[in-house]
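Nothing in this text is a laboratory measurement; each read-out follows from the coordinates by a stated rule. Nothing here was measured: the structure is a model prediction, and the numbers come from that model. All Cβ positions, glycine included, derive from the backbone under ideal geometry; neighbour counts span all protein chains shown.
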There are 2 protein chains.
Amino acid sequence: MNNFNFYSPTYFAFGKDREQDVGALVKRFGGTKVLIHYGGGSVVRSGLMERVKASLDGAGIDHVSLGGVKPNPRSGLVYEGIDLARSEGVDFILAVGGGSTIDSSKAIAAGAVYDGDFWDFYSGKPIEKALPVGTVLTIAAAGSEGSPDSVITNEHGMFKRGASGDAIRPRFSVLNPALTQTLPPYQTACGITDILAHLYERYLTNTKEVEVTDRMIEALMLTMIHEGPRVIENPDNYEARANIMWAGMMAHNNSCGVGRSQDWNSHNIEHELSALYDCAHGAGLAVTMPAVFSYVLDHDVMRFAQVAVRVWGCAMDFNHPEATARAGIEALRRFLTDLGMPRNFYELGAHEADIPKLVDALCNGDGRPGHITGFVTLNQEDCENIYRMML
Amino acid sequence: MNNFNFYSPTYFAFGKDREQDVGALVKRFGGTKVLIHYGGGSVVRSGLMERVKASLDGAGIDHVSLGGVKPNPRSGLVYEGIDLARSEGVDFILAVGGGSTIDSSKAIAAGAVYDGDFWDFYSGKPIEKALPVGTVLTIAAAGSEGSPDSVITNEHGMFKRGASGDAIRPRFSVLNPALTQTLPPYQTACGITDILAHLYERYLTNTKEVEVTDRMIEALMLTMIHEGPRVIENPDNYEARANIMWAGMMAHNNSCGVGRSQDWNSHNIEHELSALYDCAHGAGLAVTMPAVFSYVLDHDVMRFAQVAVRVWGCAMDFNHPEATARAGIEALRRFLTDLGMPRNFYELGAHEADIPKLVDALCNGDGRPGHITGFVTLNQEDCENIYRMML
C-alpha cells in the first residue's frame, strides 16, 4: 500500500426529512448569508426549495438564489454566480441538486474569493481558499457531496476539466434518499452507472496487495448490483434508494481508494463525449467502460478475473483466466443494458465522424501531452481504437 | 435504514515514517504545548519516542511526557494526567501507543478542561469540550484512533465504562503499519480479534435492508480473515499489516455501522472479564463472541447464515439454515483458535466461582437495570448461561 493522507471532514445528515436541518447546519458551519444554487424547476415544483428556505428563515439566515445549472455545468453560470455572491455579500454557498449543481457551487465558492479568473483552478492552480459549501443532494451519482472535486465545462471550446481542493469539500451534506424517489428511471440509471464507474476507476490499480480497499470497492459494487435493479423496478423503494445513496458517497470520498494508484481513463474518455454531445455523464460511461476495459484487459488479466468472480459471480476458469475476465466485462455490459443505458455511439447520439476531434481534444486539449495515463497509458491510436469499439 | 449523522473529521496520515510529520500536524491543529502520553518502555526502546520528540522539536512545539498506561487503562493515571496537563499549561494531548493509551489520552483531554470529576463523563454526562487529541498508533485493534469513544477502568471497584463525544475524536492520527511489526504474535492476534468484534457488533442488527453496510462490514471481515494468518506467520509483512491497520480504523469510525441498530453485548460481557482479570480485551472477546453468538442464534438465523456464507465461505444448507448459521460460528471459533487466542475461561485465566460476581457487575453495576440490551436483551440468567458456555 502506498503512503497516503485521508481527510473527509464533511458532516453527513442522512435520512428522511433531513433538509429541515439545513438552517441549523449552515449556522453550525458559520454561514450568515447564503447563495442557494440549483438547477431546473424540479426542486421548486417538488416543494424542496420551499422547505429549504423555510429552514434557513427559521434559523434567521438570509439568502439569495441562482438557478439554471444544467447537466455538465457551464463556466458561464459560474461567472454569474461569482458576481452575485460578491454583490450580495454572500458567505456560504448552498447547493440544492445533484453533482452538476454541487460542482458549479464549488466553482463559485472558490471563484468568489479569488482575484483572478476562476478557470485558473480548472487549469491546474491549487485552490487554497473558498467560501464554505453545503449541499442538499437530490441524486445519488457524482459523489460530489463528499468529495473535494469539481468538474466544469468551458463553453469556449466545450471541454470539461476538473479542479480539486479541501477548501471546496462540502462542510455538510444533507442526504435524504426520499428526494431521489421522483427521479426518472433514466437519470437513476445514469447515477448508478456513475457510481459503478467511480468504483472501477479505483479498482483498476497497479498497486499490489491492497486487499482492504479491493474488498471495500467490491462491497460497494455488490450493493449497486443488488439495489440498482430494485430501484429501476420500483422507484419508490426507499430502502434501496438509501443503500445506493450511502454507497454513492462512500464510492467517492476515497476511503476505498486510498494508498493505491487509480485509473480514471474511462472518465477522461467519457468527458469528451458529454462535453461535445451534452449527453448524461453516466450514459457516456456506460458506453465507455466496457470498451476501455476490453481494450486494457491484457494489462492485468487476474485483476479483471478477480472482479468477475468476486462481484459478478462468474465461475473462475483456471485454465483460461482471460475468459473469466471477459465474462466479468460482459456481465457489466449486460447489467448496464438492463438498467436502460445506451450501448454504443448511435444510442448515445455520438458520431463516428467526430472521432478524430474527440481524440485530439482528449489527448492534446488543454496542454495534455498527446496521451492519457491511468491503469495503462493510452496514446492517440489507442484512444481512437477505443472510440471505434463503441460504434 | 435509520436516519443518522456521520462525522469523521480526523486527518489520517498513513504509511511508512509518517511519525516524522507529527510536529507539523500538531501545529496544523493548533497545539503549542503537548502532553505526550504513552504506555510502557517499548515506544522508548524502539526509538519511536525519540523520533516523535524530534519532530515536535523541529516544529518548535514544547512538550512534557506521561508514561505508564496499562492495558485496560486506569482512572488513577487519568487523574495524574489531568493534574499534569493543568500544571504545565498543556493545550494538546498526543497519544503514542495503542487503544489504551488513546483512551486514556481522551479522558485526560476531557478532564483537563472540566471543573468536576472526569468520571462524570464515564457515568453518562455528555462531553462538550476537551483539549485537542492526536495519536501515533502502535497497534491495530481498538479503532480509537478514528472514533469518538474511550473506555476506562475505574480502580474503585474495577469496572470498565465508556464515554463518547466528538470533542475527544482525534484531530489527526498517524498510522504507520511498520510500527506494528514488532508486536508479539499474541498482541497482534488480540488486535485482529478486537477488530473482528467491532465488525460483528455492527453486523448483528435488527434493522432490515441495510445492504450497503452489511457488505462493507463483510468486506472488512474478509480482509481480516485473509491478512490475519499472514501477519501471524510473518510479523514483518508490511502489506498485510497495512491492510489490517486501515481495516481496523474503518471498522470503528462507524462508516460501516451507520443507520442500523448495533449489538455490543459481547463487548459488555467481555468488559467485566478484562476488568476483573486484567486479561487482554481481544483475548476476552475471543472467548466471549462464540458463546454469545451461539446463545442468540435463534433470534435471527438468516443473519448468522448470511455471514457464514458470505464471509466464512460456508455452503448454504437451504433445508437447514441454522446448520449453516452454526457452521459460521464454528468457523469463527476455529479462526480465533488458529490465531492463538484462548478458547475458554481456563485459558483466559477466569474462574467459574466468579460468575455470579461477573453477572452482577454486568447487569446491575453502575446503575444498569438488571439486564443488558443489544441485538437481543439479555437478563441475568442469560448472562450467567453465556458465561457458563465459556467454561
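Here are a few things to note about the model shown:
- Top of A:Ile93, A:Ile139, A:Ile355 by mean-square fluctuation, Gaussian network on chain A, Cα under 10 Å: A:Ile355
- Ranking of B:Thr373, A:Thr180 by count of other Cβ atoms within 10 Å, fewest first: B:Thr373, A:Thr180
- Order of B:Asp115, A:Asp298 - criterion: other Cβ atoms within 10 Å of each residue's Cβ, fewest first: B:Asp115, A:Asp298
- All C-alpha to C-alpha distances of chain A, sorted into 10 Å bins beginning at zero, yield P(r) values of 5, 24, 34, 26, 10, 2, 0 percent in whole numbers.
- Near the amide H of B:His37, within less than 5 Å, lie the amide hydrogens of B:Leu66, B:Leu94, B:Ala95, B:Val96, all on another chain or at least 5 residues away, with H placed in the peptide plane.
- Inter-chain neighbour count for B:6-18: the average number of beta-carbon atoms from partner chains within 10 Å of each residue's beta-carbon is 6.
- Exposed loop sites were defined as GluC sites (Glu not before Pro) in DSSP loop states (anything but H, G, I, E or B) carrying at most 14 other C-beta atoms within 10 Å; in chain A the longest segment without such a site runs A:156-391.
- Backbone geometry of region A:161-174 corresponds, through the Karplus equation with coefficients 6.51, -1.76 and 1.60 at θ = phi - 60°, to 3J(HN,Hα) couplings of 9, x, 9, 8, x, 4, 5, 9, 5, x, 6, 9, 9, 8 Hz, x marking Gly and Pro.
- The distance from the alpha carbon centre of region B:321-335 to that of region B:127-158 is 33 Å, rounded to a whole number.
- Neighbour counts of other Cβ atoms within 10 Å put B:Phe14, B:Phe159 in the fewest-to-most order B:Phe159, B:Phe14.
- In degrees, nearest ten, helix A:321-339 long axis to first principal axis of chain A (Cα): 40 degrees
- Under a 5 Å amide H cut-off, with hydrogens placed 1.01 Å from N, B:His63 pairs with B:Val34 among residues at least 5 apart or on other chains.
- Normalised by the number of residues in chain A, the average gap of Cα pairs under 8 Å and 6 or more apart makes the relative contact order 15 percent.
- Near A:Val231: Cβ cut-off under 11 Å, other residues only, Lys/Arg at +1 and Asp/Glu at -1. The net charge is -2.
- Taking Cβ atoms as reference points and 12 Å as the exclusive limit, the residues near A:Pro321 contribute a net charge of -2, counting Lys and Arg as +1 and Asp and Glu as -1.
- Violating pairs (Cα-Cα greater than 32 angstrom) within the set A:Lys53/A:Lys106; B:Lys27/B:Lys160; A:Lys16/B:Lys125; A:Lys106/B:Lys27; A:Lys129/B:Lys16: B:Lys27/B:Lys160
- Per-copy distances of the B:Arg368 label point, shortest first, in nm (7 angstrom along Cα→Cβ): 6.1
- Over the C-alpha trace of the protein assembly as shown, radius of gyration and Dmax come out as 26.6, 85 angstrom.
- Angle in degrees between helix B:281-296 and the longest Cα principal axis of chain B, rounded to the nearest 10: 30 degrees
- Separation of region B:161-230 from region A:29-85 is 40 Å, based on Cα centroids.
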